[in-house]
Each structure stands twice: as C-alpha cells, then as structure tokens.
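Nothing in this text is a laboratory measurement; each read-out follows from the coordinates by a stated rule. What you see is a predicted model; the values in this text were computed from it and never measured. Positions of Cβ are backbone-derived with ideal geometry, glycine not excepted, and every protein chain shown enters the neighbour counts.
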C-alpha cells in the first residue's frame with residue numbers, strides 16, 4: 001500500500017514534470033523529438049542511475065565516508081608530535097610530486113606536451 005502511494009505521490013508527478021519540461025524546452029530550443037510519459041519515466045530512471053545512484057550503493061554513502069575520513073585524520077593529526085607532523089607533510093609532498101612527475105613522464109613518452 002505504501003509503495004503504491006509513493007508511486008502516485010512522487011514518481012508519476014516527476015514523470016509528468018520531466019515530460020512537460022522536455023517537450024516545452026528541449027523540443028523547442030534543440031529541435032528534439034517530443035516524448036511521451038513512459039519515455040519521460042525512462043529518462044528519469046536513466047538520470048537516477050547515471051547521476052544519483054541508489055540508496056546503499058557506492059554513491060549513496062560518499063558524503064558520510066568523507067566526513068569519517070576527515071574526523072579520523074583530524075584525530076590522528078592532533079595526536080602527532082611536531083616532528084611526526086613534519087614527516088607526514090614531507091611524505092605527502094613527496095607522494096604528490098611523484099605523481100606529478102609520473103604524469104609528466106607519461107605525457108612526454110606519449111609525445112604529448
């Protein structure tokens with residue numbers, strides 16, 4: 001029952017919104033074909049797959065992992081001595097420099113400059 005209510009309350013109006021926007025804007029401006037309701041739902045689903053992901057998937061939890069990583073690094077940084085912090089900074093710089101040097105070498109070897 002809840003799923004049916006969700007479909008009629010959210011999915012159907014979104015499908016109509018996509019259809020109306022497509023037909024009134026894209027068809028006029030870009031001269032693309034007019035679409036029907038089912039094609040609008042297909043575009044909606046495709047955009048969800050490509051850009052939004054699904055709950056519990058890799059894209060659904062990216063923000064949470066970023067915050068967790070930041071908290072972990074901040075805690076680690078606060079417990080480091082000044083010498084350890086300096087060593088960490090130097091190691092980080094060396095890693096970044098190595099990546100830049102590797103990219104530059106790959107471009108040179110490929111003949112791209």
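Key figures for this structure:
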read-out	value
Burial ranking of peptide ranges 14-22, 68-76, 41-49 (average Cβ count within 10 Å, highest at the top)	14-22, 41-49, 68-76
Computed over the range 64-110, Kirkwood Rh from alpha-carbon pairs, angstrom	12.7 Å
The range 2-55 shape via C-alpha gyration tensor axes, a/c threshold 1.5	oblate
